[in-house]
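Worksheet: one structure, shown below.
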């Protein structure tokens, strides 16, 4: 059933479309928390090197997935398989054939994108707490309980 739906929606002889489909669905299926199409496009946009998944291509693939994924109609709603069997189908190479999603590859994509975001955005005192290095930081209640440890005092710029 899933194979027929996907074959009607996507040209299996177009390797670029099939590769984009499997990469996109891999990100959707392997994310720890379901992502909206808006969040997914933002995440993909942070990939380095850039992925072949352009915004228009992501949206055109998702356009055909309304029968299989929830959240398609609203770009702020999380994208989720309507049924667990769709996830199982995509992860089974024998059942899904060219539509097979590689879990290790998708996890690798998510890890690379996440590390790229951390590499670009992580900086000392990211929260803008009002103290210098080595001084006792007073962490606002909303931030939670954690310990900065002595290692941070040795960062460059901590005088």
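Coordinate-derived values only; no laboratory data. Values in this document were obtained by computation on a predicted structure and should not be read as measured data. Note: ideal-geometry Cβ built from the backbone for every residue, glycine included; neighbour counts use all protein chains shown.
Couple of notes before you dig in:
Residue by residue, here is whether (1) out of contact with any strand residue (DSSP E or B) (no Cβ under 9 Å at 6 or more places or on another chain); (2) surrounded by 17 or more Cβ atoms within 10 Å (Cβ to Cβ) holds:
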{"position": "10", "(1), (2)": "yes, yes"}
{"position": "15", "(1), (2)": "yes, no"}
{"position": "27", "(1), (2)": "yes, yes"}
{"position": "55", "(1), (2)": "yes, no"}
{"position": "58", "(1), (2)": "yes, yes"}
{"position": "64", "(1), (2)": "yes, no"}
{"position": "75", "(1), (2)": "no, no"}
{"position": "81", "(1), (2)": "no, yes"}
{"position": "91", "(1), (2)": "yes, yes"}
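- Qualifying residue in region 29-42 (condition: surrounded by 18 or more Cβ atoms within 10 Å (Cβ to Cβ), touching a strand residue (DSSP E or B) at 6+ places or on another chain (Cβ under 8 Å), outside any strand (DSSP E or B) and on the phi > 0 side of the Ramachandran plot): no
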